[in-house]
Structures are given as structure tokens and as C-alpha cells.
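The next block holds one structure in the form of C-alpha cells; read it before the comments.
The values are calculated or read from the model by the stated rules, or taken from the named source; none is laboratory data. What you see is a predicted model; the values in this text were computed from it and never measured. Note: ideal-geometry Cβ built from the backbone for every residue, glycine included; neighbour counts use all protein chains shown.
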Amino acid sequence: MEFWSVVTTIIPSAVAYTMPILMGALGGLYSERSGVTNLCIEGLMLFGCFASAATIVKLQAIPGFSYSLAIVLGIVVAMASSALLSLLHAFASINLKSNQVISGTAINMLSTAVTLFLAQTITGSGNITIVRGIIRSDVPVLSHIPLLGPLFFSRTYWTTWICLVLWGLSWFLLYRTSFGLRLRACGEHPSAVASAGVNVHRMRYIGVIASGLLSGLGGACILVTYAGEYNAGSGINGLGFLAIAALIFGQWKPLGILGSTFFFGLCMTIANMGKVFSVFQNIPAGYLGMFPYVATLVALILSSRKSAAPLASGEPF
Amino acid sequence: MRKNLRTLEARKASPFLVSISAVFLGIIAGSVFILLIGKNPFVGFEKILFGALSSSRRIGNTLGMSTQLVLIGLSVAFAFKTGLFNIGASGQMLMGGITGSIVAYYLPMDMPRVLYLPILVITAGLAGALWGFISGFLKAKFNVHEVVSTIMLNWIAYWIVYDFIPRFIIDPTISVKSKPIPLEHTLRAEWLRSLTGFSTLNYGFFLAVIMTVVVWFILTKTTLGFSLKAVGSNRFCAEYAGIKVSSSIMISMAVAGALSGLAGATYYCGYSEIMEMGKMPNEGFDGIAVALLGNCSPVGVFFAAVFFGILKMGKGSLAATGIPTEIADTIIATVIYFTATNVILANFWNERFRKSFSRKEEAVLAAMKANGDTRSPGELSQDEFRKLSREGRKEVK
């Protein structure tokens, strides 16, 4: 019976951990499918996390201002500011045709430095703690389903459902509309798309900005769900890079990344909560911490050989 | 004749000019940030220079800080020459550092330093090389992108250090740090310390200088360097020419890892004498900045590292002015963004050179007309061209 209680504790947390990674990976999917390698998911998510923290703290400090409205506004600001930052990457890699890997790394460094700089000027310590995040709630009706109810529909965050809806919409947009076909074609064979009269540069801008919006949402999710604090020292602990790994592991397909991000979310949960359960108590903390990253490497080894990467990803047009 | 032709076209922007422009723009961006929070940028930069260079002790500290930046910059640059992007320098550095620290802890204290120091440096380098090799192996055999694998290996190294410190070298009084390495077992030297007022400057700096020369030698004077660069510029062409691409990738990553491992030894057994649990060194990412700014040439890397060393050491003196010390990192990041988008800078300078050249050309034509010279301008030598353009400038006016 202890096993069941472990599962009912781990799975809901794993779902919460999955959503930021899923949003990062989905953002990467838009960008890479349009033909722009995007290594700055980490920086974009970090920027989103910081922007939402700063906004929510300022708004929640206003007496009488609704906490929930502050959270909503914080998420919107996070998405907008990450999208702005992603424009830098878009400009460098689309208009200037510079090395996209370097540009992405520069954005990561820029994001780390600028958020630290701003956080220091805002709070002094560099850590921003919000008064409260999203309160978990049960989904009506569905949470009473036996087995599935306690695992997936009890004590959920509402952002989880938004993320899942966005994931579904993205699948529809990319695979069931002519816009999606064009976007994907830009990542495979841009000259063919261009000769059909599509503006490749515009499509790629849309791809990169979408990755900024989604990564910003992912970063904000980290803050308003399980973290509750923007920590200048640890940032988001490489979740953005994990999202890129999930994108590769998921073979650049929406269903694939849903599976791979849930796998990583599960690994992260086990690593973070391991000490709570007697099952894992004998494993040293170092091994538990290492687990998600080793699992990622193994997953990459298994999946990278027959890579389905978009052909023109990383190629300037 | 060839010499003539070469001089008679507009100058092209050199990598050096582009790098200097990027630095300039980075400093401007930093100034804008300082202005935004209502402080005086000149005071800020004066403090940075003061903090980094105003005494022999401060200069020693700056060079001590630059040591690992040189080595990591070389590591990133070396991998870059083979077309690989090594962002795993932090992890390789941690592996080198933990190996060096364990060696320093367990080797007998009465061992002669001539014997001890090479063992320390070589084991640390080997540990880093192993860590780099893993990424190279995964890239060559399983097509795992080195960027993702090195990042995963960074975190794995982070947790290994987290596990090894309490297991092997814990300081019982502070349980999150390793026991300080005794002075005789660090890379510090008495004469360097007394020369620079007990700064962090240590033998590692000479190691960095030596490695700069070694990397330059490998890349420009050996067959190995040539084949690595060939793989970097076009792997299919290199393969066709009979160069083994997958072993080149593995060698390149292993050498890059070894250089970062050495950086770990100089950092944790020279610059500092302890390792902390749960701390990812920033130097790995700064090293990328160093390599890019130095245009991946060993000498360029060396000077770029010293420049960043000045920024990073000098930022400590900013505290009194109320400017957050992160401004230094902001400047570094901006410099890298401008280096990445060097097309803009190169175009800017090329355009200027082209304009000034066509102005000169006009002047030369005017001067030749005035002198009654019937030769075509292509036949002029460099000196004649210069002289005539000076004369012609008056004619045009």
C-alpha cells in the first residue's frame, strides 16, 4: 500500500514539473521546425521566470490587489518579455545569418546577467519571493474517477490545463493547417517554400517568437507552481537545456515531446523528492541528483542515431 | 604585380578590429545599464580598472583570475576548430578540480614538489580529458549533439563532486566544503606570493602561457592540427580526403576536456584551495566568451582572457558605488552577442573602408589627370598610389 501512496504523491508533482519543460520543448519545436536552432530556451525561460516574479511581487504588494489577477498578469508579462528577448535571437540568426548556436549561447548569458543585475537592483539579495503562487484545486467530476482521478485530476494547477491546451492547439496548427505545413517546410527545404511564394524570413520570425512566448510561459509556470521564488543563484537549474534534450528525444514531434517531457518530469520529481520516501532513502543524494541527467544521456544515445531533425535547422536562408 | 593588385582594393575588416568593436559596443551597453539605474558609468569603469590594476597585489589577482579563463578559452577554441561547441567546460573543470583535490589530499606531504606538481596537473588533465572524450565518443558513435551531452555531463559532474566531497575530502568543521589544501600542496609559489603581495597568482599562470603556445603549435604546425581543422571546416571534404572524422572528433573533445581539466586544477588547487558542494563554476560559460572574442586563435584567447579577468576582478570594487557587480557579466554577455553578430560590425567597417577607398581613387585619378600621367591606375605601386591620393585630395578640393 505504501507503493500506491508513493505513486499518488509522485505523479501529480511530476505533472507539475513536466509543464515548464513541455512548454520549453514546444517552443523549441516551433523554432527548430521553422529552421532556426534554438539553444536559448534556457535563457528565455529564465527571463520569463524573472519577469513574472518581478511583476507579481510588485502587484501583490499593492493592498487590495487580487493575488490571482497578479499571477495572470505576471504570466502575460513573462510571455511578452521572453518574446522580446527571442527577437534578439531571431534578428541575429535570420537577418544577420550568424551562427545560431553562438547567438543562442549569447542570449543565455545575456539573460543570466541581465536578470541577476535587475534582481539585485530590485531586491538587493537577488532572490524574489512571491506572496503566494497558484492554489491547487480538484477538477470537478473528473477527480472522482477511480485510479486516474487522484493521479491526474486532483490538486492540479490551472496552468497545467492551459499548457496542455496550448500543446493540443500547436499539434493542430502544425499538422492540420496550411500555415503549419509552410512552417514545417521552412525547416526542411526553405528554397522550395520560397519559390512557392512564402516569406521564409517571416515564417522563421514567427517560429522564434512562438518559442519566446512558450518558454516565457514555461518560466512563469516554474515560479507560480512549485518554486514560488526566483532564485538568482540557481536560476532554473538547466531545465531549458533539458527541454532541448526532450525535443531531440521526442524526435521533433508533439506527441513525442509530451512523452519525453513527462519522462524527464518524472525523473526530476524522483530526484527532488527522493529523500521523502523510504524506498529511496538509502540512495546517496548525489546519485539521486544525477539520475535525471544520466537518464537523459541514455535516452539521447538511444534516440539520436536515427535522428529526425529538421533538415534545414541551423541553416541560414 | 600581385602586390600592386592587392593594395589597390579597399581594406577588409580584420577579426581584431571586429573584436575591438564588439568590446566597445559592450562597454557602451554596460554604460547604458549603469545610466538606467541612475549612476555614473565613468565612476563605474574607473572603479573596475582601479580594482583590477592599481597595485601589484591586484594585478596578481587579476592574472590569477585570468589563468583559468585562458585555459578554458583555449579548450572551447580548440573544439571550435573541429567544428564542435564545447559548453561542457564547467563539468570538465569540476572533474579536473575534484581529481586534483583528491590527489592533493592523499599524496604524502613529504613528496618533493618537482614530482608532486606534475602528478597533480596530469591527473587533473586526464580527468578532464575523460569527461570531454565521453561527449566526443557519443557524438562520433551515436550522433548525440555535443551541446546537449556536454550540458548533461556538466550536471553529472556537479553531482559527482557533491558526492565525492563528503566521501573523500570533507572539512569536518564546515560540512559543505572540502578541507583546505595545505599551501605546499597547492600550485601557489612562495616567490610569486611575496612578489605580488600574497595574491592568488600561482604556477597555473605559467601553465596557461605554456598551453597557449602548445595549442598554437598543434593547430598551426602539426598534421593533427591540420586534420582537426579540416574536419571543422568541411567534414565531408575531410572524410573524402581520408581523414578519420570520428576519431578526430573524439581527439578534439578529449584535448578540449584536458585543457578544461587543467583549468580545474589551477582553479581549485591554486586560485582557491577548497571545493564547495553544489556550486557550478561560471568559468565554463565565460570561457566561451573568451574563445569567441579571441576569434579562437590562441593568442587572441590569451588577451581576451586577460580582458575578462580585469572585468571580473575589478567588479569587486563596484560595491561602494552602488552599481550591482553583475554589470561586468552583462558587459561580457553583450560583447558575445556582438561577436556572434559580427556580420553587422564587419559590414560597417567594410563599408567605411570602401567609401574611403573610392574617395582616394577619385583623388588619384584627379592627380594623374593634372600631372598628365597616362598610365592606367592599376599599374601604380602602393607608394605611388598613396602619394598621388594625397596630391589629388588638394586637386579635388
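If only residues of the range B:146-156 that are more than 15 Å from B:Lys279 (Cα to Cα) and more than 7 Å from chain A (Cβ to nearest Cβ) are counted, the one that is modelled with the lowest pLDDT is B:Glu146.
Scanning the range B:54-88 for residues that are within 11 Å of B:Val306 (Cα to Cα) and surrounded by fewer than 22 Cβ atoms within 10 Å (Cβ to Cβ) gives a single hit, B:Ile59. Taken as a whole, the condition of being touching a helix residue (DSSP H, G or I) at 6+ places or on another chain (Cβ under 7 Å), away from chain B (no Cβ under 14 Å) and modelled with pLDDT of 95 or more applies to A:Leu213. Restricting B:Ile243, B:Ile210, B:Ile249 to residues that are aliphatic (A, V, I, L, M), over 18 Å from B:Val290 (Cβ atoms) and surrounded by fewer than 22 Cβ atoms within 10 Å (Cβ to Cβ) narrows the list to B:Ile243. Which residue out of A:Ala70, A:Ala51, A:Ala16 is hydrophobic (A, V, I, L, M, F, W, C) and closer than 17 Å to A:Trp167 by Cα? Just one listed residue meets the conditions, A:Ala16.
Just checking, does the range B:337-348 include any residue being more than 14 Å from every other protein chain (Cβ to nearest Cβ), surrounded by fewer than 21 Cβ atoms within 10 Å (Cβ to Cβ) and either in contact (Cβ under 8 Å) with a residue 24 or more places away in the chain or outside any helix (DSSP H, G or I) (or both)? Even if it seems obvious, please write down each step before you answer.
Just the residues of the range B:337-348 that are more than 14 Å from every other protein chain (Cβ to nearest Cβ), to begin with: none.
Taking every residue of the range B:337-348 in turn, none turns out to be more than 14 Å from every other protein chain (Cβ to nearest Cβ), surrounded by fewer than 21 Cβ atoms within 10 Å (Cβ to Cβ) and either in contact (Cβ under 8 Å) with a residue 24 or more places away in the chain or outside any helix (DSSP H, G or I) (or both).
Taking the listed residues A:Ile56, A:Ile107, A:Ile71, A:Ile75, the one that is among the β-branched types (Val, Ile, Thr), touching a helix residue (DSSP H, G or I) at 6+ places or on another chain (Cβ under 7 Å), assigned to a helix (DSSP H, G or I) and within 30 Å of A:Ser191 (Cα to Cα) is A:Ile107, with no other qualifying.
Determine whether A:Thr37 is out of contact with any Leu (no Cβ under 9 Å at 6 or more places or on another chain) and either modelled with pLDDT of 80 or more or farther than 22 Å from B:Leu345 by Cβ (or both). Lay out the reasoning, then the answer.
On the way: out of contact with any Leu (no Cβ under 9 Å at 6 or more places or on another chain): yes; either modelled with pLDDT of 80 or more or farther than 22 Å from B:Leu345 by Cβ (or both): yes.
Yes.
Applying a threshold of 8 Å to beta carbon distances and a minimum spacing of six or more residues, or different chains, the list of pairs starting in the range B:8-29 at a residue that is exposed (fewer than 14 other Cβ atoms within 10 Å of the Cβ) and ending at one that is in a loop (DSSP other than H, G, I, E, B) and of a type outside the set (Ser, Thr, Tyr) reads B:Phe16/B:Asn295. Within the range B:312-333, the residues that satisfy the criterion of being farther than 25 Å from B:Ala256 by Cα and within 12 Å of chain A (Cβ to nearest Cβ) are B:Lys315, B:Leu318, B:Ala319, B:Gly322, B:Ile323, B:Pro324, B:Thr325, B:Glu326, B:Ile327, B:Ala328, B:Thr330, B:Ile331.
Pull up the range B:175-190, narrow it to residues that are farther than 18 Å from B:Met109 by Cα and in contact with a strand residue (DSSP E or B) (Cβ under 9 Å, 6 or more places away or on another chain), then point me to the one that is surrounded by the fewest Cβ atoms within 10 Å (Cβ to Cβ). Checked the range B:175-190; the qualifying residue surrounded by the fewest Cβ atoms within 10 Å (Cβ to Cβ) is B:Val176.
Just to be sure I understand, how many residues within the range A:270-317 are away from chain B (no Cβ under 12 Å), farther than 30 Å from A:Val193 by Cα, of a type in the set (Phe, Trp, Tyr) and touching a residue at least 24 places away in the same chain (Cβ under 8 Å)?
Let us first name the residues in the range A:270-317 that are away from chain B (no Cβ under 12 Å), namely A:270, A:272-282, A:310-312, A:315, A:317.
Restricting the remaining residues to those that are farther than 30 Å from A:Val193 by Cα gives A:270, A:272-282.
Applying the additional criterion that residues be of a type in the set (Phe, Trp, Tyr) yields A:277, A:280.
Among the residues that remain, those that are also touching a residue at least 24 places away in the same chain (Cβ under 8 Å) are: A:277.
Within the range A:270-317, residues that are away from chain B (no Cβ under 12 Å), farther than 30 Å from A:Val193 by Cα, of a type in the set (Phe, Trp, Tyr) and touching a residue at least 24 places away in the same chain (Cβ under 8 Å) number 1.
Quick test for you: out of B:Val161, B:Val214, pick the one residue that is among the β-branched types (Val, Ile, Thr) and away from chain A (no Cβ under 13 Å). Working first, answer last.
Details: B:Val161 fails: away from chain A (no Cβ under 13 Å).
Unique residue meeting the criteria: B:Val214.
Of the residues that make up the range A:188-197, is at least one within 22 Å of A:Gly259 (Cβ to Cβ), surrounded by fewer than 17 Cβ atoms within 10 Å (Cβ to Cβ) and of a type in the set (Ser, Thr, Tyr)? Give the derivation first.
First, the residues of the range A:188-197 that are within 22 Å of A:Gly259 (Cβ to Cβ): none.
So far as the range A:188-197 goes, no, none of its residues is within 22 Å of A:Gly259 (Cβ to Cβ), surrounded by fewer than 17 Cβ atoms within 10 Å (Cβ to Cβ) and of a type in the set (Ser, Thr, Tyr).
The residues listed here are A:Gly219, A:Gly250; of these, the one that is touching a residue at least 24 places away in the same chain (Cβ under 8 Å) and within 14 Å of chain B (Cβ to nearest Cβ) is A:Gly250. For the range A:105-138, the set of residues classified as within 9 Å of chain B (Cβ to nearest Cβ) and at positive phi consists of A:Gly126 only.
Kindly provide the set of residues from the range A:222-247 that are within 14 Å of chain B (Cβ to nearest Cβ), more than 20 Å from A:Leu174 (Cα to Cα) and not small (Gly, Ala, Ser), ordered by number. If you could, list the steps in order and put the result at the bottom.
From the range A:222-247, those within 14 Å of chain B (Cβ to nearest Cβ) are A:231-247; that's our starting set.
Now narrow it down to the ones that are more than 20 Å from A:Leu174 (Cα to Cα): A:231-242, A:245.
Across the range A:222-247, the qualifying residues are A:Asn231, A:Ile236, A:Asn237, A:Leu239, A:Phe241, A:Leu242.
Identify, please: which residue in the range B:313-336 is of a type outside the set (A, V, I, L, M, F, W, C) and crowded, with 23+ Cβ neighbours inside 10 Å and is, among those, farthest from B:Gly287 (Cα to Cα)? Step by step, filter the range B:313-336, then rank; the result is B:Pro324. Close Cβ contacts (under 8 Å, 6 or more residues apart or on different chains) running from residues in the range B:122-142 that are more than 14 Å from B:Asn154 (Cβ to Cβ) and within 14 Å of another protein chain (Cβ to nearest Cβ) to residues that are basic (Lys, Arg) and outside any helix (DSSP H, G or I) comprise B:Phe142/A:Arg305. If you take the residues of the range A:133-148 that are under 23 Å from the mean Cα position of the chain (by Cα) and surrounded by 14 or more Cβ atoms within 10 Å (Cβ to Cβ), which of them is farthest from A:Ile11 (Cα to Cα)? The extreme case among them is A:Gly133. Output the residues belonging to the range A:89-104 that are within 7 Å of chain B (Cβ to nearest Cβ) and closer than 22 Å to B:Val147 by Cα. Across the range A:89-104, the qualifying residues are A:Ala92, A:Lys97, A:Ser98, A:Asn99, A:Val101, A:Ile102, A:Ser103.
Taking A:Leu84 as the residue in question, decide whether it is under 24 Å from B:Ala22 (Cα atoms) and within 12 Å of chain B (Cβ to nearest Cβ).
Numbers: under 24 Å from B:Ala22 (Cα atoms): yes; within 12 Å of chain B (Cβ to nearest Cβ): no.
Spelling it out, it is not the case that A:Leu84 is under 24 Å from B:Ala22 (Cα atoms) and within 12 Å of chain B (Cβ to nearest Cβ).
For residues that are aromatic (Phe, Trp, Tyr) and modelled with pLDDT of 85 or more, scanning just the range B:289-337, find the one that is nearest to A:Gln120 (Cα to Cα).
Just the residues of the range B:289-337 that are aromatic (Phe, Trp, Tyr), to begin with: B:302-303, B:307-308, B:337.
After this cut, where a residue has to be modelled with pLDDT of 85 or more as well, the list is B:302-303, B:307-308.
Values: B:Phe302: 31, B:Phe303: 30, B:Phe307: 24, B:Phe308: 21 Å.
Step by step, filter the range B:289-337, then rank; the result is B:Phe308.
When the range A:155-187 is filtered for residues that are buried (at least 19 other Cβ atoms within 10 Å of the Cβ) and more than 18 Å from A:Gly28 (Cα to Cα), the ones remaining, listed by number, are A:Thr156, A:Tyr157, A:Thr159, A:Thr160.
In this structure, is B:Ala256 more than 12 Å from the chain's Cα centre (by Cα), over 28 Å from B:Asn143 (Cα atoms) and touching a residue at least 24 places away in the same chain (Cβ under 8 Å)? Steps first, answer last, please.
Values: more than 12 Å from the chain's Cα centre (by Cα): yes; over 28 Å from B:Asn143 (Cα atoms): no; touching a residue at least 24 places away in the same chain (Cβ under 8 Å): yes.
For B:Ala256, the condition - more than 12 Å from the chain's Cα centre (by Cα), over 28 Å from B:Asn143 (Cα atoms) and touching a residue at least 24 places away in the same chain (Cβ under 8 Å) - is not met.
Inside the range A:168-214, residues that are assigned to a helix (DSSP H, G or I), farther than 22 Å from A:Cys40 by Cα and free of Cβ contacts under 8 Å to residues at least 60 places away in the same chain make up a count of 14.
Figure legend. Inter-residue proximity from the range B:363-379: first residues over 19 Å from B:Arg393 (Cβ atoms), second residues part of a helix (DSSP H, G or I) and modelled with pLDDT of 75 or more, beta-carbon distance below 8 Å, spacing 6+ or different chains. Indicated pairs: B:Arg375/B:Met368.
Within the group A:Asn108, A:Asn99, which residue is among the polar types (S, T, N, Q) and free of Cβ contacts under 8 Å to residues at least 40 places away in the same chain?
Working: A:Asn108 fails: free of Cβ contacts under 8 Å to residues at least 40 places away in the same chain.
Being among the polar types (S, T, N, Q) and free of Cβ contacts under 8 Å to residues at least 40 places away in the same chain holds for just one of A:Asn108, A:Asn99, which is A:Asn99.
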